[in-house]
Structures are given as structure tokens and as C-alpha cells.
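Everything on this sheet refers to the single structure shown next.
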Amino acid sequence: IKEKHRNNYNLFDSSISENFKMRLTMETELRKALREGQFELHYQPQKNLSSGKVVGLEALLRWNHPQKGYIAPAEFIPLAEKTGLIIEIGDWVLYEACKQNKVWQDKGYDPVTVSVNLSAKQFHQRSLVDKIKEILAETGLSPYYLELEITESMAMSNEDYILKTLKDLRDLGVLVSIDDFGTGYSSFKYLSLFPITKLKIDKMFLKDEQRENKAIVKSIIHMSHSLNMKVIAEGVETMEQFNFLTQERCDEMQGFYFSKPLPPKQLTKFFRV
Ligand code: C2E
Ligand code: CA
Ligand code: CA
Ligand code: CA
């Protein structure tokens with residue numbers, strides 16, 4: 001028994017250090033990626049259902065690793081969050097997205113909103129609003145064409161400075177939407193109190209075509225409208241989903257049915273020239 005115990009212990013020990021080594025390697029690689037410009041933003045069009053026009057683009061982070069190729073955000077953002085590197089990465093994302101959107105506007109394309117995902121650490125930085133002001137000034141993008149996506153758990157709290165941050169952002173003219181809506185714990189109180197422009201229905205409610213999910217989608221759409229917010233559905237993949245959302249008067253949609261996220265050069269076909 002003692003022998004077995006010891007073996008287990010050793011096994012446990014070495015797997016911890018393996019894990020630790022892997023994390024260290026990845027952390028070093030993430031820093032290098034930032035330094036050497038290995039990050040890219042791809043953009044996914046958001047379409048207005050009544051006009052049929054592209055009104056927004058969501059910026060989605062990609063790590064173009066020199067050996068491993070494209071790495072999805074789910075594989076490195078959690079570690080970036082843990083190590084705090086997400087702040088620097090997030091600064092780059094904000095700057096790059098604003099700069100790119102301004103480039104498109106200067107080329108004469110119909111103006112669209114660019115949506116940027118904020119991580120919890122980024123949103124809770126006290127300097128966030130000043131940072132955004134600075135980025136807008138440097139890139140020359142008008143605040144009305146920048147939207148920040150935060151999740152329910154980041155916003156729906158009674159800490160005073162959250163409401164203050166949201167109000168400061170609104171006063172600046174920047175839009176704020178709630179991402180993955182329906183998966184957290186929003187209350188009507190916060191939703192009606194907070195200056196939020198849009199709810200983004202989580203894609204899990206479209207994936208499963210159960211009766212309850214359809215009912216949830218319908219009620220989120222109706223609730224958004226009664227609170228004077230816009231509503232967008234993400235993860236739209238089929239014509240059935242598109243028709244259902246049109247019938248329920250969802251304002252916007254985003255998903256593979258229309259387009260996957262694309263690098264900037266491949267996006268111009270969505271703009272009217
Ligand atoms: P999210 O914000 O919920 O982004 C939507 C995800 O759904 C994206 O995955 C997108 O590629 C994917 N998607 C789009 N259309 C469809 C569809 O029709 N069907 C399905 N099944 N999926 C679809 P992606 O790009 O892998 O991003 C995953 C998550 O990583 C994002 O989820 C977001 O939470 C996070 N993320 C991405 N970029 C950033 C960033 O710049 N900063 C931060 N903090 N997080 C980011
Ligand atoms: Ca998002
Ligand atoms: Ca989402
Ligand atoms: Ca998400």
C-alpha cells in the first residue's frame with residue numbers, strides 16, 4: 001500500500017510540473033506573439049434583418065503561430081486572463097479594430113460598427129474609459145462606430161463603479177452590448193438601469209431547436225425591445241433559423257449562414273463600393 005501511495009504521489013507530482021512547464025512555455029510564446037505581431041483580427045459581419053445590410057463587424061482574435069498555424073482564442077485566452085497578459089493583448093485588439101474600421105471608412109465604404117470583446121480583467125481596469133478615449137483620438141474613429149461586448153457576469157452587479165463605467169462609456173458615445181445573453185443571471189433591475197444598447201442572444205439557444213429554446217429566443221427579443229434595446233442573434237447557421245428570427249423581428253444576426261469570420265482583405269465584398 002505504501003509503495004502504491006508513493007507511486008501515485010510521484011505521478012501526481014510530475015503531471016503538475018508538466019502542466020506548469022506547458023503553461024510557462026505558452027506564456028513565453030504569448031509574449032513573443034504580441035512582440036512579433038503574430039496576432040490577427042478576423043471580422044464577422046452582422047446583418048440588419050430589415051435592411052439586409054451589414055451594419056457591424058465583430059472582431060475575433062486569432063493567433064497565427066509560425067509553426068502551429070491559426071490558434072483559436074479558446075485555447076489561449078484563459079491563460080492570458082490568468083497571467084494578466086490579456087490587458088496588453090486587449091489593448092492591441094482595441095487599437096487594431098478601431099484603426100481598421102477607420103481605414104475602411106476612409107476608403108469610402110458604408111460605415112459599420114466594430115464590436116470588440118472585452119475580458120473581465122479589461123473591463124475592471126479603472127483606466128478603461130481613458131484608454132478608449134485615447135485609442136479613439138489616436139485612430140480618429142468616431143465613438144459611435146465602436147461597440148464593446150461584455151458578458152452578463154461582468155456587468156450585472158451592484159458595484160457602483162460598474163454603473164459609472166457604463167455611463168462614462170455612454171457619455172463618450174461608445175456602444176455596449178451584453179454578449180452570450182441568457183447564460184448568466186441578469187435581472188430586470190440592472191437591465192433597465194444600465195445604459196446598454198444591445199443584447200446578444202447566446203448561440204446555444206439556436207443550436208438546439210427545442211420548443212423551450214425557441215420560447216427563450218422569442219422572449220429575449222421581446223424583452224430587449226420593451227427595454228428599448230436592440231437584439232442580435234449569434235450562431236445563425238441555417239435558413240430555418242434565419243426565417244424564425246426574421247419572423248420574430250430580431251434586429252440583427254451573425255453566423256455561418258451569412259459569413260464566417262474573415263481576414264480584412266476578404267471582407268470588402270460585404271461593403272457596398
Ligand atoms: P464569442 O464572443 O461568443 O464569439 C462568437 C464565437 O462564435 C466565435 O468563436 C465565432 O467564430 C463563433 N461563431 C460565429 N458564427 C458561428 C456559427 O454560425 N456557428 C457556430 N457554432 N459558431 C459561430 P471564436 O472566434 O473561436 O471566439 C471564441 C471566443 O473567444 C469568443 O466568443 C470570445 O469570448 C473570445 N474572444 C475572441 N476574440 C476575443 C478578443 O479579442 N478578446 C477577448 N477578451 N475575447 C475574445
Ligand atoms: Ca462576442
Ligand atoms: Ca457570444
Ligand atoms: Ca463567449
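The values are calculated or read from the model by the stated rules, or taken from the named source; none is laboratory data. No experiment lies behind these values; they were computed from the predicted model shown. Here the Cβ is made from the backbone with ideal geometry for all residues, glycine too, and neighbour counts use every protein chain on show. Side chains included, ligands, DNA and RNA excluded: accessible areas come from the protein's heavy atoms. Shrake-Rupley method; radii C 1.70, N 1.55, O 1.52, S 1.80 Å.
Brief remarks follow.
- Qualifying residue in segment 252-270 (condition: more than 13 Å from ligand 3 (Cβ to nearest atom), in contact (Cβ under 8 Å) with a residue 12 or more places away in the chain, over 18 Å from the mean Cα position of the chain (by Cα) and more than 30 Å from Arg62 (Cβ to Cβ)): no
- Hey, Tyr161 exposed (fewer than 12 other Cβ atoms within 10 Å of the Cβ), assigned to a helix (DSSP H, G or I) and at negative phi or not: yes
- Residue in segment 26-60 that is nearest to ligand 2 (Cβ to nearest atom), counting only those that are among the hydrophobic types (A, V, I, L, M, F, W, C) and open to solvent by 20 Å² or more (accessible area, probe 1.4 Å): Leu60
- When we screen Phe271, Phe242, Phe188 for residues that are within 21 Å of Val116 (Cα to Cα) and among the aromatic types (Phe, Trp, Tyr), the only hit is Phe271.
- Count - residues of segment 250-273 that are part of a helix (DSSP H, G or I) and over 22 Å from Gln105 (Cβ atoms): 0
- The listed residues are Leu206, Leu191, Leu163, Leu199, and the only one of them that is within 16 Å of ligand 4 (Cβ to nearest atom) and at pLDDT below 95 turns out to be Leu206.
- Taking the criterion of being away from ligand 3 (no atom under 16 Å from the Cβ) and not in a helix (DSSP H, G or I), the residues of segment 70-112 that qualify are Tyr70, Ile71, Phe76, Gly84, Leu85, Lys107, Gly108, Tyr109, Asp110, Pro111, Val112.
- Remark: pairs (first residue in segment 211-227, more than 19 Å from Met253 (Cβ to Cβ); second residue among the polar types (S, T, N, Q); Cβ separation under 8 Å; 6+ apart in sequence or on different chains) = Leu227/Ser192.
- Which listed residue, of Phe194, Phe205, Phe242, Phe188, is within 13 Å of ligand 3 (Cβ to nearest atom) and of a type in the set (Phe, Trp, Tyr): Phe205
- For the condition in contact (Cβ under 8 Å) with a residue 12 or more places away in the chain, within 16 Å of ligand 4 (Cβ to nearest atom) and part of a helix (DSSP H, G or I), Lys121 qualifies.
- Residue in segment 235-242 that is open to solvent by less than 90 Å² (accessible area, probe 1.4 Å), touching a strand residue (DSSP E or B) at 6+ places or on another chain (Cβ under 6 Å), within 15 Å of ligand 1 (Cβ to nearest atom) and small (Gly, Ala, Ser) present: no
- Check on Lys99, over 23 Å from the mean Cα position of the chain (by Cα), within 25 Å of Leu128 (Cα to Cα), modelled with pLDDT of 95 or more and open to solvent by 50 Å² or more (accessible area, probe 1.4 Å): no
- Test for Gly69: is it open to solvent by less than 40 Å² (accessible area, probe 1.4 Å), within 28 Å of Lys269 (Cβ to Cβ) and small (Gly, Ala, Ser): yes
- Every test in (1) within 16 Å of ligand 2 (Cβ to nearest atom); (2) at pLDDT 90 or above; (3) open to solvent by less than 10 Å² (accessible area, probe 1.4 Å) is passed by Ala155 save one, and that test is (2).
- Which numbered condition Val176 fails, given (1) more than 26 Å from Val103 (Cα to Cα); (2) crowded, with 18+ Cβ neighbours inside 10 Å: (1)
- The set of residues in segment 72-87 being in contact with a Leu (Cβ under 6 Å, 6 or more places away or on another chain) and either open to solvent by 70 Å² or more (accessible area, probe 1.4 Å) or on the phi > 0 side of the Ramachandran plot (or both) is empty.
- Within segment 243-273, being near ligand 1 (Cβ under 9 Å from one of its atoms), open to solvent by less than 30 Å² (accessible area, probe 1.4 Å) and closer than 16 Å to Ser50 by Cα holds for one residue alone: Gln254.
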